[in-house]
Amino acid sequence: MNANMIYVTTAVLAAIMLVPHGTSIFAQVQPPSQLSQQQQGQITINGAGATFPFPLIDTWRVEYPNVNPNVNINYQSIGSGGGVKQFTERTVDFGASDAPLTENETQALPAPAVHIPETIGSVVAAYNINGVPEKGLKLTGPVLADIFLGGITTWNDPRIQELNPDLTLPSENIVVAHRSDGSGTTFVWTSYLSAVSPEWSETVGAGKSVEWPVGLGAPGNEGVANTITSTPNSIGYVELAYALTTNTDYAYIQNMEGNFVEPSLNSTQAAVEAAVLSGGTSTNATTSNNSTGTTNATGTQNMTSINLPAGSESWEDVTIVNGPGANSYPIASFSYLLLYQDLSTNIDSMEKARALVDFIQWAITDGQQFASELSYVPLPDSVVQHNMQTLESLTFQGQPALQQ
């Protein structure tokens, strides 16, 4: 037997064939090294939720054993709605959601929980239009809302053509793609449409799940991206990393300053910095007295810090969509990890609770070095420091879980 040959069972081959396009195989099928570690009794931390940050969390999953080989990270990319459900039912150690918990969701929890912003990303209007092969179709918020409301039905509609005088747009019907599952990406997208369209706000509104007036549903960012790439004359919304991974064209969106902005790491970061300067991430957010800019270890510029809610308080009003700034991309968002304030609510030992907190401490600090290459904005220092205060408040049966 050749020692360099790899033998794969029929079951493993079948599992690989079932992995959705664009999803890491290793997120679904554990390599033998991880299985053997689990058999040796090492700690496995299980999380589930948002597909929005999945590329980053999956990178953390791969990289963290280099930091602590005794801990394995498993993460199910099932959508924010599924993540909140599993977190509420205590079937995972942490949840992940791009939408902060609502008041009703908070009341349904078995114990108090905290929000920990883990990264910052953007949602794009991705499209597949016959005769328009390049990215950069110009769209405004009201036009996007009318497309998703079913009011604009063809690509050569005068309102789209007026924004793109240099393009010959086809007379084909527009096919709208949207999420079929409870989704934080949907929450971000519909929050933006609600902010720019009174009709959308009044008839559909914002949420992880909404009553879509038109369109085809697909699960996950992966499913929507696949629907767009396989369906001519379609448009949908996906997290920027998925558009880049699948080489999908995407629109430049007009921001509140009137500029058409390409979604990118820089324009998303500009949106965050402008929100920080204005205190605009929350209806009751205020800025500190420090008006100088600094640069953190990950290269993210820190402007004036924001008074974010305490980790255990409501984050329902926190938003950075349609924010100020000439270079700001208007559809940007935090993504959150959800933990119980007393980790004994869903974890059975201090050893595992500390392992979870240590992993998250690494993710929000050293783990941010992997964000930029995946088109996520590294957390500003002010947010990292805010998160550290939240981690310091976590307990296991009343005892601090963070090791000092």
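The values are calculated or read from the model by the stated rules, or taken from the named source; none is laboratory data. This is a predicted model, so every value here is computed, not measured. Note that we place each Cβ from the backbone using ideal geometry, even for glycine, and neighbour counts take in every protein chain shown. With ligands, DNA and RNA removed, areas are computed over all heavy atoms of the protein, side chains included. Shrake-Rupley method; radii C 1.70, N 1.55, O 1.52, S 1.80 Å.
Worth a mention:
- Residue within the stretch 117-131 that is charged (D, E, K, R), at pLDDT 95 or above and crowded, with 23+ Cβ neighbours inside 10 Å present: yes
- Taking the stretch 333-356 as the range and being of a type in the set (A, V, I, L, M, F, W, C) and either free of Cβ contacts under 8 Å to residues at least 12 places away in the same chain or in contact with a Pro (Cβ under 9 Å, 6 or more places away or on another chain) (or both) as the test, the residues that pass are 334, 337.
- A count restricted to the stretch 89-114 and to residues that are assigned to a strand (DSSP E or B), open to solvent by 10 Å² or more (accessible area, probe 1.4 Å) and either closer than 26 Å to residue 328 by Cβ or not hydrophobic (A, V, I, L, M, F, W, C) (or both) stands at 0.
- Only one entry of 333, 375, 328, 349 meets the criterion of being among the small types (Gly, Ala, Ser) and more than 25 Å from residue 256 (Cα to Cα), and that entry is 349.
Residue by residue, here is whether (1) closer than 24 Å to residue 72 by Cβ; (2) over 17 Å from the mean Cα position of the chain (by Cα) holds:
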{"position": "311", "(1), (2)": "no, yes"}
{"position": "325", "(1), (2)": "no, yes"}
{"position": "360", "(1), (2)": "yes, no"}
{"position": "365", "(1), (2)": "yes, yes"}
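- Within the stretch 58-71, if we keep just the residues that are outside any loop (DSSP other than H, G, I, E, B) and touching a residue at least 40 places away in the same chain (Cβ under 8 Å), the residue that is most open to solvent (accessible area, probe 1.4 Å) turns out to be 63.
Each row is one residue, and each column tells you yes or no for (1) more than 21 Å from the chain's Cα centre (by Cα); (2) modelled with pLDDT under 65; (3) under 25 Å from residue 363 (Cα atoms).
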| site | (1), (2), (3) |
| --- | --- |
| 256 | yes, no, no |
| 289 | yes, yes, no |
| 297 | yes, yes, yes |
| 318 | no, no, yes |
| 343 | yes, no, yes |
